[in-house]
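First up is the structure itself, then whatever we jot down about it.
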């Protein structure tokens, strides 16, 4: 007897045994890698949808996919970061404008325990981690795609009169940059800037003249260190962080970025138009989500190809 025939016979025996043991026993709908999917699972998955053959088949296929994904999670060995889960619970409360206590009350109203809720979040995190490992490399969004998509979205909203203007704070910053050399190390570079700041604060030299004489960012040095108005996200992260914490007209303490040692001065602030940036972000997210959905489908299809899936009684 062929192996496939033996497997089919065993599955049929399992289903028959359930019927013999209890007249009210539910049916086995399918067996996935040895895991039985029961009729009650399919009915639960239907939710409020009509109990039609088409809907039952769709629900069964979804459960099979979910079962294979759960197996992939187990095989991956990915671990739950429970601290991150706790943070996620707090984030859920904050996004919904709830205190932690109010979130617990909301869960209790839905008859969900905190432990169950955390386990759901943990499962989502593990699934996302495994999915990312499986499909992450296949998601490639080119800047040209983002620009074209953002432009189309903006033009459609303009035509419909639905454009929502987005603004953000622009900073006008001047800085002095000193780079380390074989004869000027980090300690010396920092000390040099510290002395320059002391001289500026003492009125011995202006910030602009100090930049012209000392900054090795030669383009801005010619303008007294002025970088013009810009949004902070165009800068090195350390540079942006210091700028955000520096009050207008004040000079920062010396700090290091990927380019070297700096001091900076915030000379002005204004609201800038970020509408195009906002549309570019929406376009990027849409394109990534589209690619992720397609890649996820392909991943599940690949899981199915290597799985042992048996449908019982032709269901």
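The values are calculated or read from the model by the stated rules, or taken from the named source; none is laboratory data. Remember, predicted model here, so these are calculated numbers, not experimental data. Cβ sites come from the backbone with ideal geometry, for glycine too, and all protein chains shown count toward neighbours.
Residues in the stretch 89-115 that are assigned to a helix (DSSP H, G or I) and within 21 Å of the chain's Cα centre (by Cα) were compared, and the one that is surrounded by the fewest Cβ atoms within 10 Å (Cβ to Cβ) is 95. Taking into account only those residues within the stretch 165-194 that are loosely packed, with under 12 Cβ neighbours inside 10 Å and free of Cβ contacts under 8 Å to residues at least 40 places away in the same chain, which is nearest to residue 266 (Cα to Cα)? The residue in question is 187. Do we find a residue being touching a helix residue (DSSP H, G or I) at 6+ places or on another chain (Cβ under 8 Å), farther than 30 Å from residue 64 by Cβ and surrounded by fewer than 16 Cβ atoms within 10 Å (Cβ to Cβ) anywhere in the stretch 261-272? No - not one qualifying residue is present in the stretch 261-272.
Looking at this structure, is residue 11 in a helix (DSSP H, G or I) and either modelled with pLDDT under 90 or in the same structural domain as residue 133 (by TED's automatic domain parsing) (or both)? Against the criterion (in a helix (DSSP H, G or I) and either modelled with pLDDT under 90 or in the same structural domain as residue 133 (by TED's automatic domain parsing) (or both)), residue 11 qualifies.
Which ranges mark the strands (runs of 3 or more DSSP E) fully within the stretch 236-315 that have 3 or more residues being more than 30 Å from residue 129 (Cβ to Cβ)? The qualifying strands (runs of 3 or more DSSP E) are 255-257, 260-273.
Do we find a residue being in a helix (DSSP H, G or I), in contact with a strand residue (DSSP E or B) (Cβ under 8 Å, 6 or more places away or on another chain), under 28 Å from residue 258 (Cα atoms) and not assigned by TED's automatic domain parsing to the domain that holds residue 72 anywhere in the stretch 170-187? For the stretch 170-187, residues in a helix (DSSP H, G or I), in contact with a strand residue (DSSP E or B) (Cβ under 8 Å, 6 or more places away or on another chain), under 28 Å from residue 258 (Cα atoms) and not assigned by TED's automatic domain parsing to the domain that holds residue 72: present. Entry remark, the stretch 227-245: residues being surrounded by 19 or more Cβ atoms within 10 Å (Cβ to Cβ) and over 22 Å from the mean Cα position of the chain (by Cα) number 4 in total.
Considering the stretch 203-225, and only residues there that are surrounded by fewer than 19 Cβ atoms within 10 Å (Cβ to Cβ) and closer than 23 Å to residue 272 by Cβ, the residue that is nearest to the chain's Cα centre (by Cα) turns out to be 217.
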